[in-house]
Amino acid sequence: MRYVPLDTPKPISKIGLGTWQFGSREWGYGPDYEQRAAQIVRRALDLGVTLFDTAEIYGFGRSERILGAALGDDRAKVVVASKIFPVLPLAPVVQQRAVASAARLGVAGIDLYQVHQPNPVVADTTTMRGMRTLQDVGLVGEVGVSNYGLRRWRFAEAALGRRVLSNQVRYSMVDRSPEKDLIPYAEQAGRIVIAYSPLGQGFLSGRYDARNPPAGAVRRANPYFLPENLERGTELIATLREVADAHDATPSQIALAYLLRHPNVVAIPGASAVEQVERNAAAAEIDLADDEYAALVTAAHAFRPVTGLAAVPKLIRARTRK
Ligand SMILES: NC(=O)c1ccc[n+]([C@@H]2O[C@H](COP(=O)([O-])OP(=O)(O)OC[C@H]3O[C@@H](n4cnc5c(N)ncnc54)[C@H](OP(=O)(O)O)[C@@H]3O)[C@@H](O)[C@H]2O)c1
């Protein structure tokens with residue numbers, strides 16, 4: 001495993017574990033998954049993963065409970081990251097919700113407490129006042145944000161009066177917008193970009209095609225899994241496979257290695273099986289050659305999926321056909 005080259009109280013592994021899947025029926029993993037989830041966490045620990053990401057909204061608290069129980073006594077050794085879903089993130093609400101998350105996780109302190117998304121009405125001034133108090137009493141280690149643009153991230157830092165260590169954003173070979181300004185800022189200021197959906201929710205694994213789309217409500221609502229987009233992704237997947245073959249690796253591992261080239265980026269793939277967490281952790285060791293990286297950039301750039309409003313009627317049609 002490799003770790004972020006930054007001064008943090010505990011090392012942060014370049015590959016973390018995302019746990020939205022835990023206790024969340026919308027991924028369609030069925031009743032046996034809860035037991036597998038615990039095995040996934042234990043295996044991740046064995047492999048040197050130190051960043052475990054959850055949120056109060058995942059499974060309405062179930063993800064935090066499953067993660068905390070699976071970590072057991074190892075909770076104190078790793079970076080436990082959770083998120084407040086900011087419906088009304090006033091300072092006292094932030095404080096109460098952190099206490100509730102810590103209780104579900106079974107931790108005395110949340111190592112990284114993130115604002116899940118920017119609230120369009122409530123300013124970060126009050127939210128960060130709550131965060132500052134939580135840090136002062138030791139219930140929260142580092143503060144993070146998620147889905148923030150650069151301006152608002154910096155505003156949140158000014159409001160906190162301290163570093164907002166990380167911004168967790170969608171970042172994968174099919175969503176590269178953080179490369180414009182968030183990653184350069186992280187590198188210059190000593191911050192971290194946490195890449196969520198780093199495999200495009202499994203799109204980049206090459207496991208799915210138009211005749212074999214994934215099950216579950218989450219991915220039925222994801223335009224990348226429309227038959228048309230799976231078709232359009234063929235070239236990109238072929239390039240991933242080509243680079244993967246040269247490293248005796250899988251397309252997913254190369255998709256992760258692409259992100260981890262940036263020193264201040266960590267990725268938090270979710271996993272449906274122990275074998276996946278093993279592969280994902282191993283991806284941290286892959287060094288892409290410059291020509292391989294260039295080929296991946298070209299292939300990613302050439303991928304033009306149907307997204308946004310244009311995808312909505314197609315998603316509805318795909319749903320009603322089921
Ligand atoms: N802050 C936010 O707003 C936000 C939003 C979304 C997610 N997140 C966080 O980010 C984490 C990861 O994002 P995500 O779950 O949306 O997407 P992801 O990590 O890109 O995709 C996860 C899925 O990819 C497949 N997969 C994982 N490893 C694989 C491997 N080695 N080979 C082949 N397939 C593999 C698995 O699905 P199958 O095996 O079923 O194909 C797995 O459930 C979440 O768990 C959550 O913690 C945060």
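Assign unit charges at the C-beta atoms only (+1 for Lys and Arg, -1 for Asp and Glu), then state the dipole size of the chain relative to its Cα centre in Debye, rounded to the nearest 20.
So the magnitude is around 1260 debye.
From its DSSP helices (H runs of at least four residues, each -39,500 (n - 2.57)), the chain gives a residue-normalised ellipticity at 222 nm of -12500 deg cm²/dmol. Carbon-plus-sulfur fraction of the accessible area of the range 147-281, 1.4 Å probe, in percent? Within the range 147-281, the accessible surface is 46 percent carbon and sulfur. Rounded to the nearest whole Hz, the Karplus-based 3J(HN,Hα) values (6.51 cos²θ - 1.76 cosθ + 1.60, θ = phi - 60°) of the range 304-314 follow the sequence 10, x, 7, 9, x, 4, 4, 7, 4, x, 5, with x at glycine and proline. Annotation for the range 167-243 versus the range 141-162: alpha-carbon center distance of 24 Å. Sequence-ordered 3J(HN,Hα) estimates for the range 172-183 from the Karplus curve with 6.51, -1.76 and 1.60 and θ = phi - 60° stand at 7, 5, 9, 9, 9, 4, x, 5, 5, 9, 5, 5 Hz, glycine and proline given as x. For Phe60, Phe303, the ranking by accessible surface with the largest value first comes to Phe60, Phe303, using a 1.4 Å probe.
Please list log₁₀ I(q)/I(0) at q = 0.07, 0.08, 0.12, 0.14 Å⁻¹ for the chain, using the Debye equation with identical point scatterers on the alpha-carbon positions. Each listed q maps to, in turn, -0.26, -0.35, -0.81, -1.12. Per residue, the chain exposes 44 Å² of solvent-accessible protein surface, assessed with a 1.4 angstrom probe and all protein chains in place. How about Lys314: which lysines have a C-alpha closer than 17 Å to its C-alpha, ignoring those fewer than 8 places off in the same chain? Partners within reach: Lys322. Within the full protein context, the accessible area of Val266 is estimated at about 0 Å² for a probe radius of 1.4 Å.
The distance separating the Cα centre of the range 54-122 from that of the range 8-33 comes to 13 Å.
Taking θ as phi - 60° and the Karplus parameters 6.51, -1.76 and 1.60, the scalar couplings of the range 5-16 work out to x, 9, 7, 10, x, 10, x, 10, 6, 5, 10, x Hz in sequence order, x denoting glycine and proline. Share of pairwise Cα-Cα distances greater than 17 Å in the range 100-161 is 37 percent (whole percent).
What you get for the range 154-274, charging only the Cβ of Lys and Arg (+1) and of Asp and Glu (-1), is a dipole of about 480 debye around the Cα centre.
Here Glu179 and Arg232 are evaluated by their C-beta separation; at R0 = 30 Å the FRET efficiency comes out at 0.90.
Rolling a 1.4 Å probe over the protein chains gives Trp27 an accessible area of about 10 Å². Counting only heavy atoms of the protein chains and using a 1.4 Å probe, Met173 has close to 0 Å² of accessible surface.
The values are calculated or read from the model by the stated rules, or taken from the named source; none is laboratory data. It should be emphasised that the depicted structure is a prediction, and the values quoted were computed from it without experimental measurement. Note: ideal-geometry Cβ built from the backbone for every residue, glycine included; neighbour counts use all protein chains shown. Only protein heavy atoms, including side chains, enter the accessible area calculation; ligands, DNA and RNA are left aside. Shrake-Rupley method; radii C 1.70, N 1.55, O 1.52, S 1.80 Å.
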